[in-house]
Amino acid sequence: MNVNNVGSSSPVQKIVNNPVQKSIPADAPKQLRATDRLELSGASHLLKTLKATDVRVDKVAAIKAQIEAGTYEDDKKLDAAASKLLDELSK
């Protein structure tokens with residue numbers, strides 16, 4: 001049984017954006033026929049967090065180079081990452 005994607009094979013849930021649109025008649029006053037448009041999404045809080053978080057560009061570049069060279073992943077790093085993930089999930 002699948003209830004709200006709990007127990008599904010994918011840990012990532014789809015976000016479906018259906019923007020709300022309001023039709024304005026062509027004969028409406030000019031002030032109402034503006035071309036500006038606003039769409040709100042559920043991802044705005046993620047963008048705000050990313051902008052507020054300091055990114056260590058040097059660290060990111062070093063890790064990217066290790067990944068490209070094939071030397072980044074090893075058992076010690078994977079075990080540490082899995083341990084940290086389990087700690088976060090158990091909070």
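Each reported figure results from applying straightforward, stated rules to the coordinates on display, with no laboratory input. Small disclaimer: the values here were computed from a predicted structure and weren't measured.
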Would you list, by chain and number, the aspartates and glutamates whose Cα falls below 20 Å from the Cα of K48, excluding same-chain residues fewer than 8 positions away?
E39
Excluding residues on the same chain fewer than 8 positions from K59, give the aspartates and glutamates whose Cα lies under 18 Å from its Cα.
E68, E73, D74
